[in-house]
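Novice: First the structure, then my questions, so here it is.
Computed from the coordinates by the stated procedures, all read-outs in this text should not be read as laboratory data. Please read all numbers here as calculations on a predicted model, not as lab measurements. Neighbour counts are summed over all protein chains in view; Cβ atoms, including those assigned to glycine, are modelled from backbone coordinates with ideal geometry.
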Amino acid sequence: MGVGTGTGNAVDGESVLISAVRAGDTDLVRILLHEDSDPDFRDAAFCLAVRMHAGHIAQLLLQYGADPGQSSREDLLPLSAGVESGSPALFEALLHRDVRGRYPESELLEARDLARHWHERGVEAELRRRTGSRDAVIRTQVPDDEYSRVDELTLGGMTVRDGHGAILTYVEELLGARTSFEELMDRAMTHADQDNHATWSSVTILLGGRRDQATWTAAAALRMNRNPSHRLFGAEVLRLTHLFDDGDENAFAAPSLDMFADWSADETDLTVLTEVLVALGEHSGPRAEAALLPHAGHADARVRRAVAQGFSTRSSPPAYSGDARTALLRLMTDPDPVVRKTACHMVAVGRDRDPVLTDAMASALDDADRPVQLAAVYGLALRKDERCVEAARRLGPPQRGSLEEESYLEAAWR
């Protein structure tokens, strides 16, 4: 399947979508896909993105309906090339469910062994072995997909990403292997100092998805570890275990609430505390709220943001307690704009219709930060408060490609 061109909606005879992929412009690709531009070229654009090693763009195209099944294996890349790129997003695009059956188990085993080689040896060491270069490695942190980041290393004309641990984790799961908790944790810890690294994320998601007592016990034991990175890992696995527990019994709800309520009172590391408070916010009820409240005035904005995010009216009755309402009103005027926006959004989507909260959102229409104003417009629109209409007019049209702005403003226009 070759990369198509067309005269409609084209630049220099080439589809606008194809041109955006060729330029590596992820933001423009997202906008064009959202606007349903050039839908006939999505499959060809996917092939081009894969051949360009643009995993993030390939994943976007899959989200918007590109069909990898329309391509032959020759149109894409060998699995080995996906592994060698070090991009989990690219590798997973090659193994999309619509084409996964093309690959025999022997090829998956080869991919697993190659990923393990890169991960255990280290990208920099393998690059030096292959290039023979003694020059300094150029290292840059880049997004690999919408949620995860990796380091991209360049040496001697070769550029490779360091997501081989995530690739190894993914292909092991496809092969039905149950890698031990300890080995997976060691794999994640090689990137413990990097925010949202793909390997850390893939490991914690996999372990959280196991939803078994052995994994819970191993993760819970890390709460007492002196290393904050180990405590963070344990907290994230526990949080995801509860989050992914969709069974009727919801077996991990009560132990999770008990664990995180106690943990929040004595955690000293800010990153770990933030994760613990996010976990508490995924529970409803007075105990979760009581554990969140002491941190509403914390000096660190990340902690206050987690508190704001955790307040909801999912419990019965459908209203905030007096203390939670007071905390939210304060957080809606917080010095940090993201905290203000988060608090305003929680009030907007909550079921509490207290006039004090409605007036607080009306005051936020004059906030200096556009996202805060948008959240206030949205909340007032949901309450059918006409003060949102003029505020929406002042804000003007949504920024191109922003689904959040479109949904917020559309509520006012309705």
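Novice: So what's the angle, to the nearest 10 degrees on a 0 to 90 scale, between helix 337-349 and the longest Cα principal axis of the chain?
Specialist: The angle comes out at about 70 degrees.
Novice: Continuing with this model, one more query. Which order do the peptides 213-226, 319-332 come out in when sorted by mean C-beta neighbours inside 10 angstrom, highest first?
Specialist: 319-332, 213-226
Novice: Using every Cα-Cα pair within the chain, state what percent have a distance larger than 34 Å.
Specialist: Everything past 34 Å amounts to 44 percent.
Novice: Right, something else. In Å and on Cα atoms, what radius of gyration and Dmax does the range 297-403 show?
Specialist: Every Cα atom of the range 297-403 included, Rg and Dmax give 13.3, 39 Å.
Novice: Divide, for the range 79-210, the radius of gyration over alpha carbons by 2.2 N^0.38 Å, where N is the residue count.
Specialist: Values: Rg = 14.3 Å, N = 132, 2.2 N^0.38 = 14.1 Å.
The range 79-210 yields a ratio of 1.02.
Novice: Before anything else, pin down the relative contact order of the chain: Cα pairs under 8 Å, at least 6 apart, normalised by residue count, whole percent. Kindly include the intermediate steps, with their values, before the conclusion.
Specialist: On the way: 614 pairs, mean separation 31.0, N = 414.
Once divided by the residue count of the chain, the mean separation gives 7 percent.
Novice: Further, regarding this structure: What order, most packed first, do the peptides 126-132, 267-273 have when packing is the mean number of other Cβ atoms within 10 Å of each residue?
Specialist: Per-residue Cβ counts within 10 Å, averaged per peptide and sorted highest first, yield 267-273, 126-132.
Novice: Further question on the same structure: Rounded to the nearest 500, what is the chain's calculated 222 nm mean residue ellipticity when only DSSP H runs of at least 4 contribute -39500 (n - 2.57) each, over all residues?
Specialist: -17500 deg cm²/dmol
Novice: If you don't mind, another one. Tell me the GluC sites (Glu not before Pro) within the range 130-178 that lie in a loop according to DSSP and have at most 16 other beta-carbon atoms within 10 Å. Please list the in-between numbers first.
Specialist: Values: sites: 146, 152, 172, 173; in loops: 146.
Within the range 130-178, the qualifying GluC sites (Glu not before Pro) (loop, at most 16 other Cβ atoms within 10 Å) are 146.
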